[in-house]
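Take a look at the structure set out below.
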């Protein structure tokens, strides 16, 4: 049987970086939900396959949470074990949909194991006989893609190839108040997550006012706060892109994400760890409730 998943606190390192196969990952929360190496070994034994390179490091070092912008979610071993047989049955029943693929035969697809899933339902899979080959099986297309030889390469392909979703340009606020293009990876742990959504209205350019409020808070605490803007790189090149701003509050793994609806209306998505809900979270929730 799979042993109970261990829960550990992240080390309190000054630069909040975790060194791993994914290079340096900037932590956006303290309370990690990771598994032990014994848990990974147990699931490998039960599914009869060795996980691709990088997967063990991810789930034992970072665990369950949001990697980068959160477009793709890496499944924990317990989730893989709970659903892999049902997914294999589904792929076998629908193998004709991908019958023209030169990468995975119908038989191979029927024995594939899912490692990660995008918010759109695309799946990152591997075959037990080919642990150094990770594939993407799209939800709405009949072409299968080779994404890389390990989990790090595969996540990079999913997020930046432009095949499954638009490529995102990330800019991070510096201490001097300027935004710089940022290619670093981030991780926000998911535990006891609560979410709220607001449609905020105000006079003038409300989005610019919110970004200014975020920037003031981030510059006051650069150690525990990260402010980034995200923009579609392809639309940005054409001058038609619209950015989204996201403020991360490390003390509660919180995110305040602002998306302009029109000049005076902003849609705001808030999520945070309910067990570590902070004073700053309360202030944001109160402010957003007032202008909604």
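Relative to the globular-protein estimate of 2.2 N^0.38 Å, the Cα radius of gyration of the range 163-206 stands at 1.71. Under the rule a/c < 1.5 gives rounded, and otherwise a/b versus b/c splits prolate from oblate, where does the range 60-196 land using the Cα gyration tensor? Here the range 60-196 falls in the prolate category.
By the helix-only formula, in which each DSSP H run with n ≥ 4 contributes -39500 (n - 2.57) and the sum is divided by residues, the chain has a 222 nm mean residue ellipticity of -8000 deg cm²/dmol.
The calculated FRET efficiency for residue 105 paired with residue 242, based on their beta-carbon distance and R0 = 51 Å, is about 0.75. Note on residue 153 and residue 292: the extension gain reaches 45.9 nm, defined as 0.36 nm multiplied by sequence separation minus the Cα-Cα distance. Largest first, the extents of the alpha carbon coordinates of the chain on the three principal axes equal 59, 43, 31 Å. The packing ranking, built from the mean of other Cβ atoms within 10 Å per residue, places the peptides 248-257, 45-54 in the order 248-257, 45-54, highest first.
Each Cα pair under 8 Å and six or more residues apart adds its sequence gap; the mean of these over the residue count of the chain is a relative contact order of 17 percent. First check a/c for the range 126-173, with a ≥ b ≥ c the square roots of the eigenvalues of its C-alpha gyration tensor; if it is under 1.5, answer rounded, and if not, answer prolate when a/b is larger than b/c or oblate otherwise. Since a/c reaches 1.5 but b/c is at least a/b, the shape of the range 126-173 is classed as oblate. Once the chain from residue 175 to residue 83 is taken as fully extended at 0.36 nm per residue, the excess over their C-alpha distance is 28.6 nm.
Once the chain from residue 47 to residue 142 is taken as fully extended at 0.36 nm per residue, the excess over their C-alpha distance is 31.6 nm.
As a length-normalised measure over Cα pairs under 8 Å and 6 or more apart, the relative contact order of the range 168-290 settles at 29 percent. Computed over the range 168-290, the Cα gyration tensor eigenvalues convert (square root of 5λ each) into semi-axes of 22, 18, 14 Å, ordered from largest to smallest. Annotation for residue 166 and residue 223: the two label points, set 7 Å from Cα along the Cα-Cβ direction, are 3.7 nm apart. Counting only DSSP beta bridges with both residues in the range 33-160, the antiparallel share comes to about 95 percent.
Each value in this text was obtained by applying a stated rule to the coordinates, not by laboratory testing. Here the structure is a predicted model, which means the values were calculated and not measured. Methodologically, a virtual Cβ is constructed for each residue, glycine included, from the backbone with ideal geometry; neighbour enumeration extends over all protein chains shown.
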